Amino acid sequence: MTTDFARTRAAFDLPAGMIYLDGNSLGPLPRAAADHVAQAIRAEWGQMLITGWNRAGWMDLPARLGDRIGRLIGAAPGTVVLGDTLSIKVYQALASALELNPGRKVILSDTGNFPSDLYMADGLVRTLGTGYALRTVAPEAVADAIGPDLAVLMITEVDYRTGRRHDMARLIAKAHAAGALVVWDLAHSAGAVPVDLAGTDADFAVGCTYKYLNSGPGGPAFIYVAPRLADRVRPALSGWLGHEAPFAFDPDYRPGRGIERMRVGTPPILQLRALEASMDIWDQVEMADVRARSIELTEAFIKGVEAACPALTLATPRDPAMRGSQVSFRHPEGYAIMQALIARGVIGDFRAPDILRFGFTPLYLRFADLWDAVEHLRAVLERGEWREARFQHRAAVT
Ligand SMILES: Cc1ncc(COP(=O)(O)O)c(C=O)c1O
């Protein structure tokens with residue numbers, strides 16, 4: 001193992017006394033992020049003003065950071081770019097994939113996919129009109145549902161609720177053999193499990209940076225297009241920064257070179273500077289080490305919780321190869337139990353209808369943290385703390 005996890009942990013600003021098991025939803029603050037952002041505000045925005053776009057390299061930032069994320073997901077330099085939110089990137093990738101497969105009109109996804117992906121596909125289908133359809137099947141049934149009418153398979157690799165992980169290589173091979181393209185949502189994969197986009201011959205992939213990649217709330221998404229497709233893709237969201245020459249202010253759209261055409265509008269520089277601080281940490285990390293440690297952590301947590309909390313039912317696959325870097329348990333009172341646990345300083349989250357979700361992030365999580373978390377969970381259940389009225393009220397974000 002070459003990654004020094006004590007060093008990576010020291011690079012994060014973790015609140016004292018808190019055990020953070022929600023880095024799969026919002027990653028914590030890298031210690032250097034505040035300085036990066038302050039520098040961008042004071043020295044760049046403050047002193048350079050508009051000249052910062054050239055002098056501070058703001059315009060290239062989405063591509064430079066895209067290359068650094070690319071190393072974690074098996075994407076060659078020049079194939080990943082940042083911008084917008086993940087929902088927007090899902091739409092972009094899906095629209096382009098559909099257009100590359102004329103004559104076919106079916107999108108296939110699974111019922112475990114994140115709702116926004118399904119909503120975006122539904123909106124696109126309505127815009128395209130006649131004949132287009134979104135089909136969903138159970139996650140286990142995806143491979144068998146790939147047929148000769150399929151245009152695009154749209155899958156989130158790791159299920160946001162259960163943590164179940166699809167077999168990317170197998171689904172890509174099967175979809176390609178059937179003449180379909182594949183769009184992967186890597187929201188719960190990037191920085192969580194090793195991904196090999198080039199090696200698996202993936203077509204499109206998208207993901208967010210505010211979870212395992214720690215860019216902070218509202219950090220931009222990324223998009224990957226295989227080099228063999230990138231110059232053929234016609235962006236549906238044809239914004240000016242995806243134009244071949246944005247500052248020619250040409251009234252006609254001409255797509256930019258390769259992945260650059262998937263840019264839409266002005267990039268969020270302050271958020272990208274925060275991501276830069278996180279990527280300085282990630283540059284020192286090997287995904288194989290993250291995966292090995294993640295499996296040890298999730299195995300230990302499952303074992304600990306099953307021994308201490310018999311009222312909880314495991315919702316995540318038992319086989320580590322079949323899961324991402326999260327563990328979920330079911331309980332009908334899952335929401336109140338999670339609130340009681342949070343009150344004890346152990347932060348996980350809840351996903352309707354009954355899922356208690358815990359993310360495992362080796363960059364800053366230690367074994368001692370997870371044993372403590374198990375003891376707190378045991379206490380919440382054994383003492384019935386979750387029954388208190390204050391834990392019953394549902395906040396807007398769960
Ligand atoms: C799998 C998945 N896809 C899409 C999204 C939507 O991302 P955004 O809010 O950045 O558009 C999320 C958000 O958590 C997600 O988990």
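The values are calculated or read from the model by the stated rules, or taken from the named source; none is laboratory data. Bear in mind the structure is a predicted one, so any value in this text is a computation, not a measurement. Positions of Cβ are backbone-derived with ideal geometry, glycine not excepted, and every protein chain shown enters the neighbour counts. Please note that ligands, DNA and RNA were not included when accessible areas were found on the heavy atoms of the full protein model with its side chains. Shrake-Rupley method; radii C 1.70, N 1.55, O 1.52, S 1.80 Å.
Structure values in brief
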| item | result |
| --- | --- |
| Yes/no for G46 being open to solvent by less than 60 Å² (accessible area, probe 1.4 Å), farther than 19 Å from L275 by Cβ and part of a loop (DSSP other than H, G, I, E, B) | no |
| Residue under evaluation R164, criteria (1) under 20 Å from A321 (Cα atoms); (2) open to solvent by less than 10 Å² (accessible area, probe 1.4 Å); (3) within 16 Å of the ligand (Cβ to nearest atom); (4) of a type outside the set (G, A, S), criterion not met | (2) |
| Some residue of region 346-362 being under 22 Å from L26 (Cβ atoms), part of a helix (DSSP H, G or I) and open to solvent by less than 10 Å² (accessible area, probe 1.4 Å) | no |
| Residue check, D250 assigned to a loop (DSSP other than H, G, I, E, B) and charged (D, E, K, R) | yes |
| Residue match in region 282-294 (condition: outside any helix (DSSP H, G or I) and of a type in the set (F, W, Y)) | no |
| Residue list for region 1-30, filter: in contact with a Gly (Cβ under 8 Å, 6 or more places away or on another chain) and among the charged types (D, E, K, R) | D22 |
| Single residue of region 1-16 satisfying the filter (modelled with pLDDT of 95 or more and assigned to a loop (DSSP other than H, G, I, E, B)) that is farthest from Y212 (Cα to Cα) | A16 |
| Condition met for D196 (open to solvent by 10 Å² or more (accessible area, probe 1.4 Å), touching a residue at least 12 places away in the same chain (Cβ under 8 Å), more than 16 Å from the ligand (Cβ to nearest atom) and on the phi > 0 side of the Ramachandran plot) | no |
| Test: residue in region 179-192 that is open to solvent by 10 Å² or more (accessible area, probe 1.4 Å) and more than 21 Å from P62 (Cα to Cα) | yes |
| Test: residue in region 20-31 that is open to solvent by 70 Å² or more (accessible area, probe 1.4 Å) and at pLDDT below 95 | no |
| Residue satisfying all of: in region 250-290; open to solvent by 30 Å² or more (accessible area, probe 1.4 Å) and within 19 Å of the chain's Cα centre (by Cα); farthest from G66 (Cα to Cα) among these | A288 |
| Sole residue being open to solvent by 30 Å² or more (accessible area, probe 1.4 Å), without any contact (Cβ under 8 Å) to a residue 60 or more places away in the chain and assigned to a helix (DSSP H, G or I), chosen from A321, A368, A340, A379 | A368 |
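Residues checked against (1) of a type outside the set (D, E, K, R); (2) without any contact (Cβ under 8 Å) to a residue 40 or more places away in the chain; (3) open to solvent by 10 Å² or more (accessible area, probe 1.4 Å):
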position	(1), (2), (3)
A205	yes, no, no
T209	yes, no, no
S215	yes, no, no
G218	yes, no, yes
V225	yes, no, no
P235	yes, no, yes
W240	yes, yes, yes
A248	yes, yes, yes
